[in-house]
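The values are calculated or read from the model by the stated rules, or taken from the named source; none is laboratory data. Bear in mind that the values here come from a model prediction, so they are computed numbers and not experimental data. Here the Cβ positions follow ideal geometry from the backbone for every residue, glycine too, while neighbour counts run over all protein chains shown. Side chains are part of the model used for accessible areas, which takes the heavy atoms of the whole protein and leaves out ligands, DNA and RNA. Shrake-Rupley method; radii C 1.70, N 1.55, O 1.52, S 1.80 Å.
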Amino acid sequence: EVVALYRKQIAAIVEHGGIPILFPTSRLHGKTPAEKAAVYAAASHGCPQVLAFELGKMFAPNGEIFEEETIRRLIDIPEIMGMKHSSLDQLTELRRLELRDAQRPDFRIYTGNDLGIDMIEYGSDYLLGLATFAPEKFAERDRLWAEGDQAYYALSGALQHLGNVAFRDPVPAYKHSAAVFLHLMGRMPTSLTHPKNAKRPEWEAEILRDCARRVRMSANPQTSGAVYL
């Protein structure tokens, strides 16, 4: 049943030109690495490309950080081209990179560590929820890193400060922080989120306004102020 449900949604995503991401399901909690990998292999069989997802329980109760044996088995599934890793733990993610480099170097490890956005310096690939707060500034950060420009460090530090504020406990309330930030930037007409989503305090806008100032002040002089007014 789990495989059939996965494949039904995968088919719809592929039909629309998307890349399916297999989110963890509580139905696989407690299963052996072989059993979990068998479900992922069957669900992704024949698809052009699929991504797996490790998600810590601090994000959602259905989340799971896999055993290393499960990771090894998932890396061996040809349709799975990479996985997002969201443990918020740098040492665990570094271990994932070691497994990737030794077993399948072209396999992608997309970092979901919003508390350690420098994981790109260690070989992680790029897929952060935090990037949706300020896409242009993350693009600028990446360009500075690629060019070896020392301005990278100041901008990366300012973006990390934003991540530390937005992804503090309770972690799921980062969605409200994102809405508040985007509303401050004039990109959303409201800071309201889904009624069931965890909420931040009333003073959230004040600390996020300070985060925006830090990002603007740390940006490349040629582009700073373009977004943060």
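Suppose all protein chains stay in the model; what accessible area per residue would a 1.4 Å probe give for segment 1-102, in Å²?
Numbers: 5110 Å² over 102 residues.
Here the per-residue accessible area is 50 Å².
Please list 201-207, 37-43 highest first by mean number of surrounding beta-carbon atoms within 10 Å per residue. Let's see the in-between values first.
Values: 201-207: 12.3, 37-43: 18.9.
The densest-packed peptide leads the list: 37-43, 201-207.
Per residue, what accessible area does segment 131-220 have, given a 1.4 Å probe and all protein chains present, in Å²? Each step should come with its number before you reach the end.
Details: 4670 Å² over 90 residues.
Value for segment 131-220: 52 Å² per residue.
Looking at segment 139-177, which trypsin sites (Lys or Arg not before Pro) are DSSP coil and have at most 14 other C-beta atoms within 10 Å of their C-beta?
Numbers: sites: Arg141, Arg143, Arg168, Lys175; in loops: Arg168.
Within segment 139-177, the qualifying trypsin sites (Lys or Arg not before Pro) (loop, at most 14 other Cβ atoms within 10 Å) are Arg168.
Please find, in a Gaussian network model of the chain (springs between Cα atoms separated by less than 10 Å), the residue of Gln103, Gln160, Gln150 whose mean-square fluctuation is greatest.
Looking only at Gln103, Gln160, Gln150, the largest GNM fluctuation is found for Gln150.
Per the 1.4 Å probe, what fraction of the accessible area of the chain, in percent, lies on carbon and sulfur atoms? Could the numbers behind the result be given before it?
Working: 6470 of 11580 Å².
Taking all protein chains in place, the chain shows 56 percent carbon and sulfur surface.
In segment 15-63, what trypsin sites (Lys or Arg not before Pro) fall in a loop by DSSP, with at most 16 other Cβ atoms inside 10 Å? Present the calculation step by step, with values, prior to reporting the outcome.
Numbers: sites: Arg27, Lys31, Lys36, Lys57; in loops: Lys31, Lys57.
Listed in order of number, the matching sites are Lys31, Lys57.
Quickly work out the Ala11-to-Thr25 label distance, labels modelled 7 Å from Cα along the C-beta direction, and quote it in nm with one decimal.
1.5
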